[in-house]
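Here the structure is laid out as structure tokens; the discussion comes afterwards.
The values are calculated or read from the model by the stated rules, or taken from the named source; none is laboratory data. Small disclaimer: the values here were computed from a predicted structure and weren't measured. Don't worry about glycine lacking a Cβ; one is built from the backbone with ideal geometry, like all the others, and counts go over all protein chains shown.
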Amino acid sequence: MSEPTKKKIAVLVSGTGTNLQAIIDAIKSGSLNNTEISIVISNKKDAYALKRAEAEGIKNVFVNPKDFSNNLDFDKKLIEIINNYGVDLVVLAGYTKILTKVFVDSFPNKIINIHPALLPDFGGKGMYGSKVHEAVLKSGIKESGCTVHFVTNEVDNGPIIFQTKVPILEGDTVDSLSKRILKEEHKSLVEGIKKCFSLHVI
Ligand code: GAR
């Protein structure tokens, strides 16, 4: 019997790429089956995520925002690259650049993002990485977590696919909280991707 066609993913990154690594590891272990990463794209030259892709033999590219006169032209380049691979899903894994409407509208219901808090709280423009955890700790709430959601034109406001809660402990710092949440992000992102494919919305 022939193998089912693999679902193709494009992963957009800006940083360390531990979430990218989680997807790679899940594919390698078979927990995320019939899936392949077609291309990893970074808007940051020094993103360690690019090295992770390279080490796994996954095609990867740095697209320099400075080579484009505006965000729209930059995003059009990304659309062109992604379309070359005919991907089923675009995964934002620590991608910190806000997408233009043209990009979002090019892949309807096909873009997902991982956010390090329980959306709809602590999201929106400028809320990424440690800034999210700082705001969470400042608020005094007792619980945070992470959210995998569809990307729409409203930043961090698309339909939620998967959410995991993480307790905030006495004496937590941005560092301790972000590490505890990041561990859960890795599992949640993989579960989110599985859920997307099993929902047959993709
Ligand atoms: C993750 O915590 C991710 O949730 C966050 O950036 C980090 C990237 O880590 N993304 C956002 O804050 C987006 N709003 P990684 O590069 O090790 O995957």
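Tell me yes or no: at least one residue of segment 36-46 is surrounded by fewer than 20 Cβ atoms within 10 Å (Cβ to Cβ), touching a Ser or Thr at 6+ places or on another chain (Cβ under 7 Å) and part of a strand (DSSP E or B).
no
Residues are listed down the side, and each one gets a yes or a no for (1) crowded, with 20+ Cβ neighbours inside 10 Å; (2) within 14 Å of the ligand (Cβ to nearest atom):
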site	(1), (2)
Phe162	yes, yes
Pro167	no, no
Val174	no, yes
Ser188	yes, yes
Glu191	no, no
Phe197	no, no
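Keeping to segment 87-138, report how many residues are modelled with pLDDT under 95 and within 8 Å of the ligand (Cβ to nearest atom).
The total comes to 4.
Which members of segment 123-146 meet the condition of being within 19 Å of Lys97 (Cβ to Cβ) and among the β-branched types (Val, Ile, Thr)? Steps first, answer last, please.
Let us first name the residues in segment 123-146 that are within 19 Å of Lys97 (Cβ to Cβ), namely 123-132.
Within segment 123-146, just Val132 meets the criteria.
Has segment 1-9 got any residue that is closer than 19 Å to Phe197 by Cβ, touching a residue at least 40 places away in the same chain (Cβ under 8 Å) and surrounded by fewer than 20 Cβ atoms within 10 Å (Cβ to Cβ)?
Within segment 1-9, one or more residues are closer than 19 Å to Phe197 by Cβ, touching a residue at least 40 places away in the same chain (Cβ under 8 Å) and surrounded by fewer than 20 Cβ atoms within 10 Å (Cβ to Cβ).
Is it true that some residue in segment 4-20 is in contact with a strand residue (DSSP E or B) (Cβ under 9 Å, 6 or more places away or on another chain), in a strand (DSSP E or B), over 24 Å from Arg180 (Cα atoms) and within 16 Å of the ligand (Cβ to nearest atom)? Full working, then the answer.
Going through segment 4-20, the residues in contact with a strand residue (DSSP E or B) (Cβ under 9 Å, 6 or more places away or on another chain) turn out to be 6-15, 17, 19-20.
Retained after the next criterion (residues that are in a strand (DSSP E or B)): 7-13.
Remaining after also requiring over 24 Å from Arg180 (Cα atoms): 7-10.
When the remaining residues are screened for being within 16 Å of the ligand (Cβ to nearest atom), the result is 9-10.
Within segment 4-20, one or more residues are in contact with a strand residue (DSSP E or B) (Cβ under 9 Å, 6 or more places away or on another chain), in a strand (DSSP E or B), over 24 Å from Arg180 (Cα atoms) and within 16 Å of the ligand (Cβ to nearest atom).
Can you tell me which residue within segment 60-78, out of those that are in a loop (DSSP other than H, G, I, E, B), out of contact with any Leu (no Cβ under 9 Å at 6 or more places or on another chain) and not small (Gly, Ala, Ser), is farthest from Ile37 (Cα to Cα)?
Within segment 60-78, the subset in a loop (DSSP other than H, G, I, E, B) is 63-64, 68-70.
Now narrow it down to the ones that are out of contact with any Leu (no Cβ under 9 Å at 6 or more places or on another chain): 64, 68-70.
Now drop any that are not not small (Gly, Ala, Ser), which leaves 64, 68, 70.
Values: Asn64: 21, Phe68: 26, Asn70: 28 Å.
Across segment 60-78, the extreme among qualifying residues is Asn70.
Just one of Ile9, Ile39, Ile81, Ile27 is more than 28 Å from Val102 (Cα to Cα) and among the β-branched types (Val, Ile, Thr); which is it?
Values: Ile9 fails: more than 28 Å from Val102 (Cα to Cα); Ile39 fails: more than 28 Å from Val102 (Cα to Cα); Ile81 fails: more than 28 Å from Val102 (Cα to Cα).
None of the other options fit; the residue is Ile27.
Determine if segment 50-59 includes at least one residue that is buried (at least 18 other Cβ atoms within 10 Å of the Cβ) and either touching a Ser or Thr at 6+ places or on another chain (Cβ under 8 Å) or free of Cβ contacts under 8 Å to residues at least 24 places away in the same chain (or both). Give the steps one after another, and end with the answer.
The initial filter retains those residues of segment 50-59 that are buried (at least 18 other Cβ atoms within 10 Å of the Cβ), namely 50, 52-53, 58.
With the extra rule that they be either touching a Ser or Thr at 6+ places or on another chain (Cβ under 8 Å) or free of Cβ contacts under 8 Å to residues at least 24 places away in the same chain (or both), the set shrinks to 50.
Yes, segment 50-59 contains a residue that is buried (at least 18 other Cβ atoms within 10 Å of the Cβ) and either touching a Ser or Thr at 6+ places or on another chain (Cβ under 8 Å) or free of Cβ contacts under 8 Å to residues at least 24 places away in the same chain (or both).
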